[in-house]
Amino acid sequence: MTRSERITIAVLWVFASFVFVLLYGPAVLVATLSFFDMDRGQIAWGSFSLAHYASLLENKSILAALGNTLMVAFTSVAIATILALGLAYYMRTGERRGRAYVEFIIFLPFVLPAIITGISLLVAFREVGVDRGLTTIAIGHIVVVIAIIYRMVMVRLEALETSQLEASADLGATQFQTFRLVVVPQLASAMVTGALLAFTISFDETLVTFFLAGSDPTLPLRLWAMMRVGFSPEINALVTIVLLGTMVLATLGALSLRRGIAKERA
Amino acid sequence: MPQHAILNLVGVSKSYRDVEVLQPTDLAIEDGEFITVLGPSGSGKTTILRMIGGFTAPTSGQILFQGRDIVDVPTFQRPFNTVFQDYALFPHMRVVDNVGYGLRVRGVAKAEIARKVAEVLQIVDLGDKADRFPNALSGGQRQRVALARAIICEPKIVLLDEPLAALDAELRRSMQDFLKDLQRRIKTTFIFITHDQQEAISMADRIVVMNHGKIEQIGSPREIYRRPGSEFVARFFGENNLIPGIVEQNAAGEACIDSALGRVIVPRDASLAVGSKVVMAVRPEHIKLVPAGSTVSQSVAAEVRSVTFLGATSQIALTIAPQGNFAIRVSLPTNDFPSLSVGDQVVAAWAPDDLTILH
Ligand SMILES: Nc1ncnc2c1ncn2[C@@H]1O[C@H](COP(=O)(O)OP(=O)(O)OP(=O)(O)O)[C@@H](O)[C@H]1O
Ligand SMILES: [Mg+2]
């Protein structure tokens, strides 16, 4: 290795470490703070305890917000997955007129500024006379995430040869049997990946949610509101838990994606 | 319409928008026969097969299965099974599950499925591959899985769309023998699509020759080879010399055709109107060379223009002497004329029976 190469590598290392610290430093800091107390701007190292976690469990309003977020995420992802699957399968199994338009409409909220989507939905709900609440939030999230699941499922469906569907019918399967035995098993990994992505989007969706929320806030809205009065230390505990949850989900997503890709390659 | 026909196409046609890709077609398929549909790309072979299988609806006409119109019967209720060109195996199922699929969707008991799958895998010689996934099989093995899957439900007709097209020459030949043998064993009607005439000849009981969305000729391989029914069939099916001519009548009142081969006397045929233009077809192997100066009734003097050694036979190009520029091809056993060379004067002769007259 020449001298200049060694210097280059050293510089790259420093640079990489810097990026790494910038990205994960705050997260590590928050995780650390969730176990310790602060004393005049310093971490009091002697104060290790799970006290913040305990007080988080006491904080009813944050727990309620977390509960709302999870409920909205689960329902909206579940409904969006079913809708996307049905729609994609319908579009795939024949020459469907207007497919391009339908897809355009589905993808629109995904690229539209969230503020527009939020306001339009707000206006629409008001016109129809629907009160704002968790239901409207969930509907808003379905609108936002359906595109990503549809896309994931469609990519996989397009790769599924028509002849497989025909072979299934040829062997005596009804449409539904074909769907259940041939289509769904081959879409499973695409559906899981899409659903996980959609879940993370729904989890921290703030802008659209802001316009659609009633008196029950979701977690991002609750945190937002707390910013004005300052965070209490149990927020560190909360962030740490969410961080862990996200990492688990991301790992699952990556694994399922990789399994899907490996299967396709084989 | 023969009584024992299992399937009858009556005036079946197919159009996409305004383009008629299959003209109204009649075709009777007999029970237990091995029928091949042969034709160039785009001639409508797959279209016919897909309409029989129920994947495409005909624009007009009836498809009668044992005398009953099945045009409105959906694919999954038709007693036919298909071997697709790309095999269409289910990649997420093991070989056993692929093969057993047809029984499973019909609600057959698990034990019965296992028994039949084992039996059928035995037939296609894949007993040891039962637990593999399709992507861990060779092309020939996948092909046999597709075949096993198609015959396990004991269909009345097996439809095969160029199933051997993706295999190399040697495997192809052994699969041809295997398929033919299997068909005899299970005594089931096979409709087999190919665009390889050699394949059609070696496998079929009857061949349906198609061109431009139309059936050109139906017959046994021998019939089609000996008596091509149209200029297209004569060209497409093996090699042929095609010689245009005009129908005349000689002094003795016999019909003859004035052509590059001279005046060729042909068997009397009511459809030969004097003055009409026809084409005569004669196969390269049906032309004999006789020594110059010999007098044979059906012959013409010619000059050797080229000799191509092909192994057991040689291909010889001749130019007809009086015309000078009309060429015919002759195929001869190499050993019969060891010393033939370019420029030799010869006499080409044929038997009247080997001439086919095309209108
Ligand atoms: N869905 C369709 N829409 C429009 N035209 C079609 C469609 N399917 C087939 N055709 C046309 O019908 C004609 C016959 O097609 P077909 O697939 O039957 O040919 P083929 O004899 O099987 O040819 P090959 O040997 O290439 O498979 C072709 O000209 C094709 O372009
Ligand atoms: Mg075809």
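Every number here is computed from the coordinates shown, using simple stated rules; none is lab data. Model, not experiment: these values are computed from the prediction. Because the Cβ atoms are built from the backbone with ideal geometry, glycine has one as well, and the counts that use them run over all protein chains shown.
Structure values in brief
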quantity	calculated
Percent antiparallel among DSSP beta bridges (both partners in the protein assembly as shown, rounded to 5)	80 percent
Rounded to 5, the percent of DSSP beta bridges in chain B classed as antiparallel	75 percent
Sites A:T8 and A:R228 - FRET efficiency at Förster radius 51 Å, r taken between beta-carbons, to 0.05	0.60
At q = 0.08, 0.18, 0.22 Å⁻¹, base-10 log of I(q)/I(0) for the range A:127-266 (Debye sum, equal scatterers on each alpha carbon)	-0.35, -1.06, -1.28
Cα-based helix-to-principal-axis angle, B:95-104 vs chain B, degrees rounded to 10	80 degrees
Directionally averaged projected area (convex hull, Cα atoms, chain B), nm²	22.8 nm²
Inter-centroid distance (Cα atoms) of the range B:315-359 relative to the range A:200-242, Å	94 Å
Of the trypsin sites (Lys or Arg not before Pro) in the range B:254-349, those whose Cβ has at most 16 other Cβ within 10 Å and which sit in DSSP loop	B:R268
Distance in nm between pseudo-label sites at B:D354 and B:K110 (7 Å out along the Cβ direction from Cα)	6.7 nm
Where labels lie 7 Å past Cα in the beta-carbon direction, separation of A:A188 and A:A27 in nm	2.9 nm
Cross-link partners of B:K110 among aspartates and glutamates (Cα-Cα below 19 Å; sequence separation of 8 or more within a chain)	B:D97, B:E119, B:D131, B:E154
Within the range B:272-293, backbone nitrogen closer than 20 Å to the virtual label 7 Å beyond the Cα of B:A327 toward Cβ	B:280-289
Anisotropy class of the range B:116-190 from Cα gyration tensor, a/c 1.5 cut	oblate
Restricting the range A:141-221 to GluC sites (Glu not before Pro) in coil, as DSSP defines it, with at most 15 other Cβ within 10 Å	A:E161
Ratio of the Cα radius of gyration of the protein assembly as shown to 2.2 N^0.38 Å, where N counts its residues	1.48
In nm, spacing of pseudo-spin labels at B:R184 and B:E30 (7 Å Cα→C-beta vector)	1.7 nm
Overall form of chain A per C-alpha gyration tensor (a/c, 1.5; a/b vs b/c)	oblate
Karplus (6.51, -1.76, 1.60) ³J(HN,Hα), θ = phi - 60°, over the range A:68-73, in Hz, Gly and Pro reported as x	4, 4, 5, 4, 4, 4
Cα-Cα over 29 Å, subset of B:K116/B:K187; B:K14/B:K129; B:K180/B:K214; B:K116/B:K180; B:K45/B:K288	B:K14/B:K129; B:K45/B:K288
Gap separating the Cα centres of the range B:132-177 and the range B:81-129, nearest whole Å	12 Å
Low-density loop positions, GluC sites (Glu not before Pro), the range B:146-245 - DSSP coil, at most 15 other Cβ in 10 Å	B:E239
Full-extension gain in nm, A:V242 to A:D37, via 0.36 nm per residue minus C-alpha separation	71.8 nm
Amide H partners (placed H, <5 Å) of B:T313, local residues excluded	B:T334
Estimated D of the range B:204-332 in µm² per second, where Rh is the Kirkwood radius over Cα pairs and Stokes-Einstein applies at 4 °C, 1.567 mPa s	79 µm²/s
3J(HN,Hα) from dihedral phi, the range B:110-121, Karplus parametrisation 6.51/-1.76/1.60, rounded to Hz, x for glycine, proline	3, 4, 5, 4, 4, 5, 5, 4, 4, 5, 5, 4
Whether the range B:4-74 is rounded, prolate or oblate, judged on the alpha carbon gyration tensor where a/c under 1.5 counts as rounded	oblate
